[in-house]
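Asks: Let me give you the structure first, and then I'll get to my questions.
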Amino acid sequence: MVEVHAWGGSEAEGYAPIVGAGPEFHGAALTTSYRAKSKTATSFVLDVAAQYAGYSADITRTIPANGKLHGAASAEIYDIVLGAQNAALAALKPGMDFCSKG
């Protein structure tokens, strides 16, 4: 992620990237034995931030270890989060400020 941020013009990382691995819905439990956990993990959590012009943008993503969602609950949560993201993107308009109501 550090390289990806630099390619996009980031001046620095907001903080060191954080990676968690573990069972579904508990991937954020950070571990120092990453290699051992990654063999049995069903999900990974990435928490990264990039700085640009004094602003630090944070992003957190949960990724299924095998590339596929595990179970109906995972798929339902994924769909809810994706729907919320799509609704937020649809509401954005050029020139809006953070406090705009539409």
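Asks: Highest mean first, how do 78-88, 49-59 rank when packing is the count of other Cβ atoms within 10 Å averaged over residues?
Replies: Most protected by this proxy first, the peptides run 49-59, 78-88.
Asks: While we're on this one: Where does each of LEU46, LEU89 land when they are ordered by accessible area, with a 1.4 Å probe and the largest first? Display every interim value, and only then the final one.
Replies: On the way: LEU46 50, LEU89 100 Å².
If we order LEU46, LEU89 from most to least accessible, we get LEU89, LEU46.
Asks: Just the C-alpha atoms of the range 48-93: what Rg/Rh do they give, with Rh taken as the Kirkwood radius? Could the numbers behind the result be given before it?
Replies: Working: Rg = 14.3 Å, Rh = 13.0 Å.
My calculation of the ratio gives 1.10.
The values are calculated or read from the model by the stated rules, or taken from the named source; none is laboratory data. The structure displayed is predicted, hence computed values, not measured ones. Note that each Cβ is placed from the backbone with ideal geometry, even for glycine, and that neighbours are counted across all protein chains shown. Only protein heavy atoms, including side chains, enter the accessible area calculation; ligands, DNA and RNA are left aside. Shrake-Rupley method; radii C 1.70, N 1.55, O 1.52, S 1.80 Å.
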